[in-house]
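Here the structure is laid out as structure tokens; the discussion comes afterwards.
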């Protein structure tokens, strides 16, 4: 239960930044795109992603909205139940799941309310551009990294325990 504040913080910061950037910037079109350059490799630009990660399924004709809402909803419930049932000693796992849950709910809110996810963070190097993303996507990425770290830590812990048991 103590990990439930982090998803709330992620959702609130995600929704705030999406609304702020939507008010600040003009939506990109094929002709015009307003942006705010922060660094030579980082800028804010407003995009509406009707697809999944990296705009996968964005041109699917509309059916993908409720398909992605369903997947996001099921994943959010699964992660919330998993988070509720972890042991207090599983701190890295708890943080990872909390970040993933917050990010999934943040993007789920967009899909349900608008039919698309608001993306606004653009990272690039010269002509190479990473797909535009948002705070929720960043939280999901951080959470996934923590889940991978947890796997390695548990594997190492089990190896040490097995070595000690042999002695």
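Cβ crowding within 10 Å ranks 50, 89 as 89, 50, fewest other Cβ atoms first. Here the calculated FRET efficiency for residue 38 and residue 8, from their Cβ-Cβ distance with R0 = 25 Å, stands at 0.40, rounded to the nearest 0.05. Put in line by how crowded their Cβ is, counting other Cβ atoms within 10 Å and starting with the fewest, 149, 101 read 149, 101.
Normalising the average separation of contacting C-alpha pairs (under 8 angstrom, six or more residues apart) by the number of residues puts the relative contact order of segment 76-144 at 36 percent.
Inter-part distance, segment 72-93 to segment 135-158, computed on C-alpha centroids, equals 13 Å. Residues of segment 125-150 with an amide N closer than 13 Å to a point placed 7 Å from the Cα of residue 92 along the Cα-to-Cβ direction: 144-150.
Using Cβ counts within 10 Å as a stand-in for footprinting exposure, how do 119, 137 rank, fewest first? Starting with the residue having the fewest Cβ neighbours, the order is 137, 119.
Coordinate-derived values only; no laboratory data. Since this is a predicted model, take the numbers as computed values, not measurements. Neighbour counts run over all protein chains shown; Cβ positions are idealised from the backbone, glycine included.
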